[in-house]
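Report on the following structure.
The values are calculated or read from the model by the stated rules, or taken from the named source; none is laboratory data. Quick caveat: nothing in here was measured; it's all calculated off a predicted structure. So basically every Cβ, Gly included, is an ideal-geometry build from the backbone, and we count neighbours across all protein chains shown.
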């Protein structure tokens, strides 16, 4: 597994859908873009910018429930990629037991940010995500260059 950090959130230039970009903690060249929903993206951006909502939103509520039941999010793992859909798991420590819960990656990332928990990606997921068809090689290079050149001010466009 490779530990990843949230590099930021941006918009797909073609579909205008939000993308959360993960970057390997120890290797800036390893990037994993995951297309997510607008509400999940907005929650990630708010957390990255340390904006606290006036009332608990979904992820703050989820964190509060986990904590009030004596749990703590230890880590999240993005563990599979099937049919262009990523899968993740939450690892919650509660009273000496680890409870593993299936999750969408966007939800897992949101909770990881709120708990300051590490995000891991299985190496097989990284391999599956970077298998381009030969005719897509140029598009892959353009996407890689675009992802590597994202600036912090780009993260705020269209998500506030």
Check: Within the group 40, 74, which residue is in contact (Cβ under 8 Å) with a residue 40 or more places away in the chain, more than 16 Å from residue 6 (Cα to Cα) and within 17 Å of the chain's Cα centre (by Cα)?
Finding: 74
Check: Can residue 25 be described as under 21 Å from residue 92 (Cα atoms) and touching a strand residue (DSSP E or B) at 6+ places or on another chain (Cβ under 7 Å)?
Finding: no
Item checked: residue 125 modelled with pLDDT under 95 and crowded, with 19+ Cβ neighbours inside 10 Å -> yes
Next item on the list: Looking only at the stretch 88-119, count how many residues are more than 15 Å from residue 20 (Cβ to Cβ) and under 14 Å from the mean Cα position of the chain (by Cα).
Entry: 6
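Looking at 5, 32, which one is in contact (Cβ under 8 Å) with a residue 24 or more places away in the chain, in a strand (DSSP E or B) and crowded, with 19+ Cβ neighbours inside 10 Å?
32
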Notebook entry, point to check: Just a yes or no: is a residue in the stretch 36-46 at pLDDT below 90 and within 24 Å of residue 101 (Cα to Cα)?
Noted result: no
